[in-house]
Amino acid sequence: MAEKLWDGRFSNKTHASVEAFTSSIDFDKRLYAHDIEGSIAHCRMLAKTGVIQSDEADALVKGLRQIKKEIETGDFLFSDSLEDIHMHIEARLVGIVGDAARKLHTARSRNDQVALDIRMYLRDECRTMIHDLNRLRNVIVAMADDNIDVVMPGYTHLQRAQPVLFAHHLMAYYEMFTRDTERFEQVFERIDVMPLGSAALAGTTYPVDRHYTAELLDFSKISENSMDAVSDRDFMIEFLSNASICMMHLSRISEELIIWSSSEFAFIDLPDAFATGSSIMPQKKNPDIPELVRGKTGRVYGNLVTMLTMMKSLPLAYNRDMQEDKLSLFDTIDTLSACIDVYIHMLPNIRIDRQQMINATTVGYLNATDMADYLVTKGMPFREAHACVGKAVAHGLIVKKELHEMSLEELREFSQLIEEDLFEKLDTLAMINRRNSYGATSSNQVRAAIAAAQKKLDKIFSDKALPE
Ligand code: ARG
(Lines give C-alpha, C1' and ligand atoms only; values in the text may rest on other atoms or scores of the structure.)
Protein backbone atom coordinates (compact mmCIF):
# COMPACT_ATOMS: atom_id res chain seq x y z
CA MET A 1 0.00 0.00 0.00
CA ALA A 2 1.34 3.44 -0.92
CA GLU A 3 2.24 5.83 1.88
CA LYS A 4 -0.53 8.37 2.45
CA LEU A 5 0.25 12.07 2.23
CA TRP A 6 -2.08 12.89 5.11
CA ASP A 7 -1.66 10.06 7.60
CA GLY A 8 0.70 11.71 10.13
CA ARG A 9 -1.90 11.74 12.91
CA PHE A 10 -3.30 8.29 12.16
CA SER A 11 -2.20 5.19 14.05
CA ASN A 12 -4.32 2.64 12.21
CA LYS A 13 -4.44 1.86 8.53
CA THR A 14 -7.45 2.78 6.41
CA HIS A 15 -9.95 -0.07 6.14
CA ALA A 16 -9.79 -1.80 2.78
CA SER A 17 -13.40 -0.93 1.99
CA VAL A 18 -12.78 2.74 2.75
CA GLU A 19 -10.06 3.15 0.15
CA ALA A 20 -12.31 2.15 -2.69
CA PHE A 21 -15.21 4.09 -1.15
CA THR A 22 -13.40 7.40 -0.80
CA SER A 23 -11.35 7.16 -3.97
CA SER A 24 -12.27 9.43 -6.84
CA ILE A 25 -9.32 8.64 -9.07
CA ASP A 26 -11.44 6.68 -11.54
CA PHE A 27 -13.20 9.86 -12.55
CA ASP A 28 -11.06 12.78 -11.45
CA LYS A 29 -8.02 11.56 -13.43
CA ARG A 30 -9.74 13.50 -16.20
CA LEU A 31 -8.46 16.66 -14.48
CA TYR A 32 -4.78 15.65 -14.69
CA ALA A 33 -3.67 18.21 -17.29
CA HIS A 34 -5.33 21.09 -15.50
CA ASP A 35 -4.07 19.89 -12.12
CA ILE A 36 -0.52 19.86 -13.47
CA GLU A 37 -0.85 23.24 -15.15
CA GLY A 38 -2.25 24.69 -11.92
CA SER A 39 0.61 23.17 -9.90
CA ILE A 40 3.19 24.60 -12.28
CA ALA A 41 1.72 28.08 -11.85
CA HIS A 42 1.61 27.58 -8.08
CA CYS A 43 5.31 26.58 -8.10
CA ARG A 44 6.25 29.63 -10.14
CA MET A 45 4.33 31.87 -7.75
CA LEU A 46 6.01 30.24 -4.72
CA ALA A 47 9.41 30.90 -6.30
CA LYS A 48 8.54 34.49 -7.23
CA THR A 49 7.45 35.27 -3.69
CA GLY A 50 10.51 33.57 -2.21
CA VAL A 51 8.57 30.79 -0.47
CA ILE A 52 10.68 28.23 -2.34
CA GLN A 53 13.99 28.57 -4.23
CA SER A 54 13.82 29.07 -7.97
CA ASP A 55 15.97 25.98 -8.66
CA GLU A 56 13.55 23.97 -6.52
CA ALA A 57 10.67 25.35 -8.57
CA ASP A 58 12.47 24.40 -11.79
CA ALA A 59 12.93 20.84 -10.57
CA LEU A 60 9.26 20.61 -9.56
CA VAL A 61 8.07 21.98 -12.90
CA LYS A 62 10.30 19.54 -14.78
CA GLY A 63 8.94 16.66 -12.69
CA LEU A 64 5.36 17.78 -13.26
CA ARG A 65 5.90 17.90 -17.03
CA GLN A 66 7.35 14.39 -16.91
CA ILE A 67 4.27 13.18 -15.02
CA LYS A 68 2.03 14.68 -17.70
CA LYS A 69 3.93 12.67 -20.32
CA GLU A 70 3.73 9.50 -18.24
CA ILE A 71 -0.04 9.86 -17.92
CA GLU A 72 -0.42 10.56 -21.62
CA THR A 73 1.67 7.59 -22.69
CA GLY A 74 -0.09 5.27 -20.26
CA ASP A 75 3.01 4.72 -18.11
CA PHE A 76 1.43 6.15 -14.97
CA LEU A 77 0.15 3.83 -12.26
CA PHE A 78 -3.23 4.70 -10.72
CA SER A 79 -4.35 3.20 -7.42
CA ASP A 80 -7.29 3.68 -5.05
CA SER A 81 -4.95 4.08 -2.10
CA LEU A 82 -3.87 7.46 -3.42
CA GLU A 83 -7.47 8.67 -3.50
CA ASP A 84 -7.51 11.36 -6.12
CA ILE A 85 -5.60 12.92 -8.98
CA HIS A 86 -3.98 15.54 -6.73
CA MET A 87 -2.46 12.88 -4.43
CA HIS A 88 -1.36 10.75 -7.36
CA ILE A 89 0.55 13.56 -8.97
CA GLU A 90 2.13 14.73 -5.73
CA ALA A 91 3.15 11.21 -4.73
CA ARG A 92 4.72 10.59 -8.14
CA LEU A 93 6.53 13.92 -7.92
CA VAL A 94 8.15 12.75 -4.69
CA GLY A 95 9.25 9.66 -6.62
CA ILE A 96 10.83 11.78 -9.35
CA VAL A 97 12.39 14.75 -7.55
CA GLY A 98 12.61 13.44 -3.99
CA ASP A 99 11.85 15.39 -0.85
CA ALA A 100 11.78 18.78 -2.61
CA ALA A 101 8.43 17.64 -4.07
CA ARG A 102 6.94 17.91 -0.61
CA LYS A 103 7.23 21.70 -0.94
CA LEU A 104 4.74 21.83 -3.83
CA HIS A 105 1.78 21.80 -1.49
CA THR A 106 3.03 24.78 0.55
CA ALA A 107 0.34 27.46 0.88
CA ARG A 108 -2.19 25.21 -0.79
CA SER A 109 -4.88 22.72 0.15
CA ARG A 110 -6.63 20.17 -1.99
CA ASN A 111 -9.73 22.25 -1.34
CA ASP A 112 -8.55 25.25 -3.31
CA GLN A 113 -6.61 23.00 -5.65
CA VAL A 114 -9.67 21.04 -6.77
CA ALA A 115 -11.69 24.24 -7.10
CA LEU A 116 -8.95 25.59 -9.36
CA ASP A 117 -8.79 22.39 -11.43
CA ILE A 118 -12.52 22.28 -12.08
CA ARG A 119 -12.61 25.94 -13.03
CA MET A 120 -9.73 25.48 -15.48
CA TYR A 121 -11.28 22.33 -16.89
CA LEU A 122 -14.70 23.91 -17.21
CA ARG A 123 -13.33 26.97 -18.98
CA ASP A 124 -12.04 24.61 -21.68
CA GLU A 125 -15.27 22.65 -21.79
CA CYS A 126 -17.24 25.87 -22.08
CA ARG A 127 -15.15 26.91 -25.05
CA THR A 128 -15.71 23.52 -26.70
CA MET A 129 -19.44 23.66 -25.99
CA ILE A 130 -19.70 27.14 -27.51
CA HIS A 131 -17.78 25.95 -30.57
CA ASP A 132 -19.98 22.86 -30.97
CA LEU A 133 -23.13 24.94 -30.61
CA ASN A 134 -21.85 27.35 -33.24
CA ARG A 135 -21.37 24.40 -35.59
CA LEU A 136 -24.88 23.21 -34.85
CA ARG A 137 -26.28 26.69 -35.51
CA ASN A 138 -24.38 26.73 -38.78
CA VAL A 139 -25.91 23.42 -39.83
CA ILE A 140 -29.41 24.68 -38.99
CA VAL A 141 -28.95 27.91 -40.96
CA ALA A 142 -27.63 25.96 -43.97
CA MET A 143 -30.61 23.61 -43.78
CA ALA A 144 -33.03 26.56 -43.60
CA ASP A 145 -31.33 28.17 -46.58
CA ASP A 146 -31.42 24.96 -48.64
CA ASN A 147 -35.14 24.58 -47.97
CA ILE A 148 -36.22 28.20 -48.21
CA ASP A 149 -39.11 27.37 -50.56
CA VAL A 150 -40.55 24.51 -48.49
CA VAL A 151 -43.86 25.21 -46.77
CA MET A 152 -45.49 23.30 -43.97
CA PRO A 153 -48.31 23.62 -41.48
CA GLY A 154 -47.39 25.55 -38.36
CA TYR A 155 -48.95 23.97 -35.27
CA THR A 156 -50.39 25.03 -31.96
CA HIS A 157 -51.59 22.27 -29.61
CA LEU A 158 -50.18 19.96 -32.31
CA GLN A 159 -53.19 20.96 -34.44
CA ARG A 160 -52.61 22.52 -37.85
CA ALA A 161 -52.83 26.28 -37.32
CA GLN A 162 -51.37 28.43 -40.10
CA PRO A 163 -48.90 27.69 -42.89
CA VAL A 164 -45.26 28.61 -42.30
CA LEU A 165 -41.98 28.20 -44.11
CA PHE A 166 -40.12 25.09 -42.98
CA ALA A 167 -37.07 27.37 -42.82
CA HIS A 168 -38.93 29.58 -40.32
CA HIS A 169 -39.61 26.57 -38.13
CA LEU A 170 -35.93 25.59 -38.31
CA MET A 171 -34.78 29.11 -37.53
CA ALA A 172 -36.78 28.96 -34.28
CA TYR A 173 -34.25 26.31 -33.20
CA TYR A 174 -31.43 28.55 -34.36
CA GLU A 175 -32.72 31.13 -31.85
CA MET A 176 -32.83 28.56 -29.05
CA PHE A 177 -29.29 27.35 -29.71
CA THR A 178 -28.12 30.94 -29.97
CA ARG A 179 -29.44 31.61 -26.47
CA ASP A 180 -27.73 28.41 -25.30
CA THR A 181 -24.46 29.65 -26.75
CA GLU A 182 -24.89 32.99 -24.99
CA ARG A 183 -25.61 31.21 -21.71
CA PHE A 184 -22.32 29.30 -21.95
CA GLU A 185 -20.53 32.56 -22.72
CA GLN A 186 -22.11 34.16 -19.67
CA VAL A 187 -21.31 31.32 -17.28
CA PHE A 188 -17.72 31.43 -18.55
CA GLU A 189 -17.29 34.75 -16.77
CA ARG A 190 -18.34 33.23 -13.47
CA ILE A 191 -16.12 30.20 -13.97
CA ASP A 192 -13.16 32.41 -14.80
CA VAL A 193 -12.30 33.25 -11.16
CA MET A 194 -9.05 31.99 -9.63
CA PRO A 195 -9.51 30.41 -6.15
CA LEU A 196 -5.94 29.29 -5.34
CA GLY A 197 -4.46 30.90 -2.24
CA SER A 198 -7.68 30.30 -0.31
CA ALA A 199 -5.97 27.15 1.01
CA ALA A 200 -8.17 24.92 3.20
CA LEU A 201 -10.71 27.65 3.99
CA ALA A 202 -9.12 30.62 5.76
CA GLY A 203 -6.36 31.64 3.39
CA THR A 204 -2.65 31.16 4.00
CA THR A 205 0.08 32.55 6.24
CA TYR A 206 2.56 32.54 3.32
CA PRO A 207 3.12 35.73 1.32
CA VAL A 208 1.40 34.39 -1.80
CA ASP A 209 0.75 36.54 -4.86
CA ARG A 210 -2.66 35.40 -6.00
CA HIS A 211 -2.81 37.90 -8.85
CA TYR A 212 0.40 36.46 -10.26
CA THR A 213 -1.02 32.91 -10.19
CA ALA A 214 -4.15 34.20 -11.90
CA GLU A 215 -2.07 35.92 -14.54
CA LEU A 216 -0.04 32.78 -15.23
CA LEU A 217 -3.23 30.78 -15.66
CA ASP A 218 -5.00 33.46 -17.67
CA PHE A 219 -7.80 34.08 -15.17
CA SER A 220 -9.48 37.46 -15.38
CA LYS A 221 -10.38 37.66 -11.66
CA ILE A 222 -9.40 36.17 -8.31
CA SER A 223 -11.92 35.03 -5.69
CA GLU A 224 -12.81 37.54 -2.95
CA ASN A 225 -13.53 35.29 0.02
CA SER A 226 -11.48 32.21 0.83
CA MET A 227 -14.38 30.34 2.46
CA ASP A 228 -16.63 30.95 -0.51
CA ALA A 229 -13.83 30.10 -2.93
CA VAL A 230 -13.39 26.54 -1.63
CA SER A 231 -17.07 25.80 -1.17
CA ASP A 232 -18.63 27.51 -4.18
CA ARG A 233 -20.03 25.23 -6.85
CA ASP A 234 -22.56 27.75 -8.23
CA PHE A 235 -20.66 28.00 -11.48
CA MET A 236 -21.00 24.22 -11.98
CA ILE A 237 -24.69 24.33 -11.18
CA GLU A 238 -25.13 27.12 -13.69
CA PHE A 239 -23.23 25.12 -16.26
CA LEU A 240 -25.45 22.08 -15.56
CA SER A 241 -28.51 24.28 -15.78
CA ASN A 242 -27.39 25.70 -19.13
CA ALA A 243 -26.73 22.17 -20.33
CA SER A 244 -30.21 21.11 -19.18
CA ILE A 245 -31.85 23.95 -21.08
CA CYS A 246 -29.83 23.07 -24.16
CA MET A 247 -30.86 19.40 -23.82
CA MET A 248 -34.48 20.53 -23.50
CA HIS A 249 -34.10 22.24 -26.89
CA LEU A 250 -32.47 19.17 -28.39
CA SER A 251 -35.25 17.06 -26.94
CA ARG A 252 -37.91 19.29 -28.50
CA ILE A 253 -36.37 19.08 -31.96
CA SER A 254 -35.97 15.32 -31.43
CA GLU A 255 -39.64 15.02 -30.65
CA GLU A 256 -40.45 16.87 -33.89
CA LEU A 257 -38.19 14.64 -35.95
CA ILE A 258 -39.78 11.57 -34.39
CA ILE A 259 -43.28 12.82 -35.19
CA TRP A 260 -42.38 14.05 -38.67
CA SER A 261 -40.79 10.74 -39.60
CA SER A 262 -43.90 8.76 -38.60
CA SER A 263 -46.13 7.44 -41.41
CA GLU A 264 -48.89 9.69 -40.07
CA PHE A 265 -46.87 12.80 -40.92
CA ALA A 266 -44.25 11.47 -43.38
CA PHE A 267 -42.70 14.94 -43.68
CA ILE A 268 -39.15 13.66 -43.45
CA ASP A 269 -37.09 10.55 -43.87
CA LEU A 270 -34.23 10.15 -41.41
CA PRO A 271 -30.91 9.12 -42.96
CA ASP A 272 -30.34 5.35 -42.79
CA ALA A 273 -27.05 6.03 -41.06
CA PHE A 274 -28.97 7.67 -38.19
CA ALA A 275 -31.82 5.21 -37.78
CA THR A 276 -32.07 1.58 -36.77
CA GLY A 277 -34.19 -1.41 -37.69
CA SER A 278 -36.31 -3.72 -35.63
CA SER A 279 -35.10 -7.22 -34.81
CA ILE A 280 -38.56 -8.62 -35.47
CA MET A 281 -40.43 -6.28 -37.84
CA PRO A 282 -38.58 -6.12 -41.16
CA GLN A 283 -40.38 -3.01 -42.39
CA LYS A 284 -39.34 -0.82 -39.45
CA LYS A 285 -36.99 2.13 -39.56
CA ASN A 286 -36.88 3.56 -36.08
CA PRO A 287 -35.86 7.10 -35.07
CA ASP A 288 -33.63 5.80 -32.24
CA ILE A 289 -31.14 8.65 -32.45
CA PRO A 290 -33.62 11.46 -31.71
CA GLU A 291 -35.29 9.13 -29.20
CA LEU A 292 -32.02 8.64 -27.37
CA VAL A 293 -31.34 12.37 -27.34
CA ARG A 294 -34.82 12.88 -25.89
CA GLY A 295 -34.17 10.13 -23.34
CA LYS A 296 -30.76 11.41 -22.33
CA THR A 297 -32.33 14.76 -21.49
CA GLY A 298 -33.70 13.16 -18.31
CA ARG A 299 -30.21 12.13 -17.34
CA VAL A 300 -28.85 15.66 -17.78
CA TYR A 301 -31.72 17.12 -15.73
CA GLY A 302 -30.94 14.45 -13.13
CA ASN A 303 -27.34 15.60 -12.89
CA LEU A 304 -28.51 19.15 -12.20
CA VAL A 305 -30.86 17.97 -9.47
CA THR A 306 -28.14 15.72 -8.01
CA MET A 307 -25.83 18.67 -7.73
CA LEU A 308 -28.42 21.05 -6.27
CA THR A 309 -29.38 18.41 -3.71
CA MET A 310 -25.78 17.58 -2.87
CA MET A 311 -25.02 21.24 -2.14
CA LYS A 312 -28.19 22.29 -0.40
CA SER A 313 -27.33 21.51 3.22
CA LEU A 314 -23.59 21.89 3.24
CA PRO A 315 -22.22 24.08 6.00
CA LEU A 316 -19.24 26.22 5.04
CA ALA A 317 -16.66 25.52 3.88
CA TYR A 318 -15.42 22.41 2.02
CA ASN A 319 -17.15 19.08 2.68
CA ARG A 320 -16.24 15.77 1.12
CA ASP A 321 -19.74 15.50 -0.35
CA MET A 322 -18.45 17.89 -2.96
CA GLN A 323 -16.19 15.26 -4.46
CA GLU A 324 -19.34 13.83 -6.06
CA ASP A 325 -19.75 17.01 -8.12
CA LYS A 326 -17.47 15.72 -10.84
CA LEU A 327 -19.62 12.69 -11.64
CA SER A 328 -22.59 14.87 -12.51
CA LEU A 329 -20.46 17.37 -14.35
CA PHE A 330 -18.53 14.91 -16.50
CA ASP A 331 -21.62 12.90 -17.37
CA THR A 332 -23.47 16.03 -18.46
CA ILE A 333 -20.56 17.24 -20.56
CA ASP A 334 -20.19 13.86 -22.27
CA THR A 335 -23.90 13.50 -22.87
CA LEU A 336 -24.48 16.99 -24.18
CA SER A 337 -21.47 16.96 -26.51
CA ALA A 338 -22.46 13.56 -27.89
CA CYS A 339 -26.01 14.80 -28.55
CA ILE A 340 -24.85 18.00 -30.26
CA ASP A 341 -22.37 16.02 -32.32
CA VAL A 342 -24.91 13.52 -33.54
CA TYR A 343 -27.23 16.37 -34.54
CA ILE A 344 -24.48 18.16 -36.46
CA HIS A 345 -24.05 15.04 -38.56
CA MET A 346 -27.67 13.93 -38.81
CA LEU A 347 -29.51 17.16 -39.71
CA PRO A 348 -27.90 17.81 -43.12
CA ASN A 349 -28.76 14.26 -44.21
CA ILE A 350 -32.47 14.32 -43.46
CA ARG A 351 -34.62 13.97 -46.59
CA ILE A 352 -37.49 16.45 -46.70
CA ASP A 353 -40.73 15.44 -48.44
CA ARG A 354 -41.74 18.85 -49.81
CA GLN A 355 -44.90 17.57 -51.46
CA GLN A 356 -46.16 15.89 -48.34
CA MET A 357 -45.52 19.08 -46.36
CA ILE A 358 -47.31 21.35 -48.85
CA ASN A 359 -50.23 18.92 -49.09
CA ALA A 360 -50.59 19.12 -45.33
CA THR A 361 -51.05 22.88 -45.53
CA THR A 362 -54.13 22.53 -47.76
CA VAL A 363 -56.13 20.31 -45.43
CA GLY A 364 -57.50 21.44 -42.08
CA TYR A 365 -58.72 24.99 -42.78
CA LEU A 366 -55.30 26.60 -42.27
CA ASN A 367 -56.57 29.55 -44.31
CA ALA A 368 -59.49 30.35 -41.97
CA THR A 369 -57.67 33.26 -40.29
CA ASP A 370 -56.82 34.68 -43.70
CA MET A 371 -60.44 34.52 -44.80
CA ALA A 372 -61.43 36.39 -41.64
CA ASP A 373 -58.70 38.98 -42.33
CA TYR A 374 -60.07 39.30 -45.86
CA LEU A 375 -63.53 40.11 -44.50
CA VAL A 376 -61.97 42.68 -42.18
CA THR A 377 -60.36 44.41 -45.16
CA LYS A 378 -63.84 44.53 -46.69
CA GLY A 379 -65.13 46.37 -43.64
CA MET A 380 -66.40 43.64 -41.33
CA PRO A 381 -65.35 43.87 -37.62
CA PHE A 382 -62.90 41.03 -36.76
CA ARG A 383 -65.14 39.27 -34.20
CA GLU A 384 -67.96 39.12 -36.74
CA ALA A 385 -65.57 37.90 -39.43
CA HIS A 386 -64.31 35.19 -37.01
CA ALA A 387 -67.89 33.95 -36.45
CA CYS A 388 -68.69 34.10 -40.17
CA VAL A 389 -65.67 32.00 -41.15
CA GLY A 390 -66.44 29.64 -38.26
CA LYS A 391 -69.80 28.95 -39.88
CA ALA A 392 -68.16 28.39 -43.27
CA VAL A 393 -65.78 25.89 -41.64
CA ALA A 394 -68.67 24.09 -39.95
CA HIS A 395 -70.38 23.84 -43.34
CA GLY A 396 -67.12 22.61 -44.92
CA LEU A 397 -66.83 19.86 -42.33
CA ILE A 398 -70.30 18.61 -43.27
CA VAL A 399 -69.82 18.77 -47.05
CA LYS A 400 -66.18 17.68 -46.74
CA LYS A 401 -64.69 20.69 -48.47
CA GLU A 402 -61.91 23.07 -47.56
CA LEU A 403 -62.68 26.82 -47.75
CA HIS A 404 -60.74 27.18 -51.00
CA GLU A 405 -62.62 24.21 -52.47
CA MET A 406 -66.01 25.91 -52.09
CA SER A 407 -67.55 27.86 -54.95
CA LEU A 408 -67.96 31.63 -54.77
CA GLU A 409 -71.74 31.18 -54.49
CA GLU A 410 -71.33 28.72 -51.65
CA LEU A 411 -69.06 31.14 -49.81
CA ARG A 412 -71.29 34.16 -50.40
CA GLU A 413 -73.95 32.35 -48.34
CA PHE A 414 -71.83 33.36 -45.37
CA SER A 415 -71.12 36.94 -46.45
CA GLN A 416 -72.01 39.04 -49.41
CA LEU A 417 -68.67 40.83 -48.97
CA ILE A 418 -66.88 37.79 -50.45
CA GLU A 419 -65.74 38.15 -54.04
CA GLU A 420 -63.54 36.25 -56.48
CA ASP A 421 -60.39 37.93 -55.12
CA LEU A 422 -60.74 35.89 -51.92
CA PHE A 423 -59.29 32.78 -53.55
CA GLU A 424 -55.83 34.20 -54.21
CA LYS A 425 -55.73 35.19 -50.54
CA LEU A 426 -56.27 31.59 -49.50
CA ASP A 427 -53.24 30.26 -51.35
CA THR A 428 -50.58 28.86 -48.98
CA LEU A 429 -47.60 30.85 -50.22
CA ALA A 430 -49.65 34.05 -50.43
CA MET A 431 -50.72 33.53 -46.83
CA ILE A 432 -47.12 33.00 -45.76
CA ASN A 433 -45.80 36.02 -47.61
CA ARG A 434 -48.49 38.30 -46.25
CA ARG A 435 -47.09 37.60 -42.77
CA ASN A 436 -44.34 40.08 -43.25
CA SER A 437 -44.07 41.63 -39.77
CA TYR A 438 -40.53 41.65 -38.39
CA GLY A 439 -39.58 38.10 -37.34
CA ALA A 440 -42.58 36.57 -39.15
CA THR A 441 -42.72 33.72 -41.64
CA SER A 442 -42.78 35.59 -44.99
CA SER A 443 -40.02 34.67 -47.43
CA ASN A 444 -38.58 38.17 -47.04
CA GLN A 445 -38.41 37.97 -43.27
CA VAL A 446 -37.02 34.44 -43.20
CA ARG A 447 -34.42 35.21 -45.87
CA ALA A 448 -33.36 38.24 -43.83
CA ALA A 449 -33.16 36.14 -40.64
CA ILE A 450 -31.05 33.53 -42.42
CA ALA A 451 -28.75 36.19 -43.87
CA ALA A 452 -28.31 37.87 -40.47
CA ALA A 453 -27.57 34.53 -38.79
CA GLN A 454 -25.13 33.54 -41.52
CA LYS A 455 -23.34 36.85 -41.19
CA LYS A 456 -22.98 36.39 -37.43
CA LEU A 457 -21.69 32.84 -37.85
CA ASP A 458 -19.29 33.78 -40.64
CA LYS A 459 -17.82 36.36 -38.31
CA ILE A 460 -17.45 33.79 -35.53
CA PHE A 461 -15.77 31.30 -37.85
CA SER A 462 -13.85 33.85 -39.91
CA ASP A 463 -10.48 33.30 -38.27
CA LYS A 464 -10.80 29.56 -37.68
CA ALA A 465 -11.47 26.88 -40.24
CA LEU A 466 -14.74 25.05 -39.58
CA PRO A 467 -13.94 21.50 -38.53
CA GLU A 468 -16.12 18.86 -40.14
N1 ARG B 1 -10.94 14.64 -4.19
C2 ARG B 1 -11.40 15.75 -3.44
C3 ARG B 1 -12.59 16.40 -4.19
O4 ARG B 1 -12.73 16.11 -5.33
C5 ARG B 1 -10.32 16.77 -3.31
C6 ARG B 1 -10.42 17.63 -2.10
C7 ARG B 1 -10.25 16.81 -0.89
N8 ARG B 1 -10.12 17.60 0.27
C9 ARG B 1 -10.18 17.08 1.51
N10 ARG B 1 -10.03 17.89 2.47
N11 ARG B 1 -10.40 15.83 1.71
O12 ARG B 1 -13.34 17.15 -3.65
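List of remarks:
- Take the stretch 370-411 with all the other protein chains still there, run a 1.4 Å probe, and you get 54 Å² of accessible area per residue.
- Among the protein heavy atoms of the stretch 221-276, carbon and sulfur supply 50% of the accessible surface, probe 1.4 Å, non-protein parts ignored.
- Computed from Cα positions, the angle between helix 325-346 and the longest principal axis of the chain comes to roughly 40 degrees.
- Greater than 24 Å apart at Cα, pairs in Lys221/Lys455; Lys221/Lys312; Lys48/Lys221; Lys62/Lys103: Lys221/Lys455; Lys221/Lys312
- Surface accessible to a 1.4 Å probe, per residue, for the residues of the stretch 278-353, Å²: 50
- Inter-label distance, nm, simple model (7 Å from Cα along the C-beta direction), Thr369/Asn12: 7.4
- Under a 5 Å amide H cut-off, with hydrogens placed 1.01 Å from N, Met194 pairs with Lys221, Ile222, Ser223 among residues at least 5 apart or on other chains.
- Each residue of the stretch 404-418 is assigned a 3J(HN,Hα), and the resulting list reads 6, 8, 7, 7, 4, 4, 4, 6, 5, 4, 8, 6, 6, 6, 6 Hz, derived from the Karplus form 6.51 cos²θ - 1.76 cosθ + 1.60 (θ = phi - 60°), x at Gly and Pro.
- Computed from phi, the 3J(HN,Hα) profile of the stretch 385-396 under the Karplus parametrisation 6.51, -1.76, 1.60 (θ = phi - 60°) reads 4, 4, 5, 4, 5, x, 5, 4, 5, 4, 4, x Hz, with x in place of Gly and Pro.
- Per residue of the chain, the DSSP helices (runs of n ≥ 4 H) give a summed -39500 (n - 2.57) that works out to -19500 deg cm²/dmol at 222 nm.
- Equivalent ellipsoid semi-axes, the chain, via Cα gyration tensor eigenvalues times 5, rooted, Å: 61, 23, 19
- Karplus-based coupling profile of the stretch 158-168, in residue order and whole Hz: 6, 10, 4, 10, 9, x, 9, 7, 4, 4, 5, with θ = phi - 60° in 6.51 cos²θ - 1.76 cosθ + 1.60 and x standing for Gly or Pro.
- Long-range HN-HN contacts of Val164 with modeled amide H, under 5 Å: Met152, Gly154
- Under 12 Å, Cβ to Cβ, from Ile25 - net charge with Lys/Arg +1 and Asp/Glu -1: -4
- Counting charges near Leu136 (Lys, Arg +1; Asp, Glu -1) among other residues having Cβ under 11 Å from its Cβ returns a value of -1.
- Long-range HN-HN contacts of Asp209 with modeled amide H, under 5 Å: none
- Rounded to 10°, Cα long-axis angle of helix 443-461 versus longest principal axis of the chain: 20
- Between the stretch 1-79 and the stretch 202-277, the Cα center-to-center distance that results, in Å: 27
- Taking the accessible area of the stretch 1-70, probe 1.4 Å, and keeping the other protein chains in place, the carbon and sulfur fraction comes to 50%.
- Take the Cα of Arg65, step 7 Å toward its Cβ, do the same at His345, and the gap between the two points is 3.7 nm.
- Rounded to 10°, Cα long-axis angle of helix 288-311 versus longest principal axis of the chain: 50
The values are calculated or read from the model by the stated rules, or taken from the named source; none is laboratory data. Because the structure is a prediction, the values reported are computed rather than measured. Because the Cβ atoms are built from the backbone with ideal geometry, glycine has one as well, and the counts that use them run over all protein chains shown. Calculation scope for accessible area: heavy atoms of the full protein, side chains included, ligands and nucleic acids excluded. Shrake-Rupley method; radii C 1.70, N 1.55, O 1.52, S 1.80 Å.
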